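J.: Before I ask anything, let me first share the structure, which is written out below as structure tokens.
Since every read-out is calculated from the coordinates, none of them should be taken as a lab result. Worth saying up front: this structure is predicted, and the values here are computed from it rather than measured. Please note: Cβ atoms are built from the backbone with ideal geometry, for glycine as well, and neighbour counts cover all protein chains shown.
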Amino acid sequence: MISIRNIIILFLFTAALMLSGWSIFISNHNHDKKYFSHHDDEPDAYMENVSATIFNKAGTLSLKVTTPKLVHYVLNDTTYVLKPDVTIYRNSPKPWYINSDFAKSTGGSTQILFWEHVLIHHPADTQNPITTMETATLTVYPDKEIAATDQPVIIQQPDTIVHAIGMLANMNDGTVKLLSKAQGEYVPGTHQAN
């Protein structure tokens, strides 16, 4: 017959074994969760040497992005891009080209902020002369087809250089509205080539 002492020992041994197994399970579960779950403030993806082509809902070419590195975060669907080289296609016969040291896209590609050494270039087309703009920051709204900055901007077109504070560019029709302190100068030979 089994004594009460042996039953208590068997019960304690079984309880210890179950607690030990539960502890190992919880430990492994938390370990996996640490490495496979993503917090909003941690990157969930990164890519190097990227060349991406983006089409709009109608299937028309919208954007082309080339970068040595990008990092994506879940929070606000935000992507940070190093040294972006962006081509924006619109109804204009020629696309717009934007380069900078850094960029951040939020909400997918509904808003793109470029900063540090921002250079915007639009080759001459049937309606607009060749245009180059330089500024410290630029916000582009691809769906609205506009680009804007409140920073100082230098705009170069054939034989003309304009300095201003802030600008709003319609990337579809090529018009540029200067916001304040615009000063232009005639400089023969500026932008002779496309």
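J.: Using every alpha carbon pair in the stretch 43-186, what percent of pairs falls into each 10 Å bin from 0 up to the bin containing the largest distance?
T.: 12, 42, 34, 11, 1, 0
J.: So, one more: Whole-Å semi-axes of the stretch 147-188's equivalent ellipsoid, largest first, each the root of 5 times a Cα gyration tensor eigenvalue?
T.: 17, 14, 7
J.: Given points 7 Å out from each Cα along the Cα-Cβ axis, report the Val50 to Lys69 separation in nanometres with one decimal.
T.: Taking the simple label geometry, Val50 and Lys69 are separated by 1.3 nm.
J.: What relative contact order, as a whole-number percentage, does the stretch 43-186 give when Cα pairs under 8 Å and 6 or more residues apart are counted?
T.: 14 percent
J.: Given H placed 1.01 Å from N in the peptide plane, which residues other than close sequence neighbours of Arg90 have an amide H under 5 Å from its amide H?
T.: For Arg90, whose amide H was placed from the backbone, the distant partners under 5 Å are Trp96.
J.: Kindly flag which residue pairs out of Lys83/Lys177; Lys69/Lys177; Lys94/Lys177 have an alpha-carbon separation exceeding 30 Å in this structure.
T.: In this structure, Lys69/Lys177 lie more than 30 Å apart at Cα.
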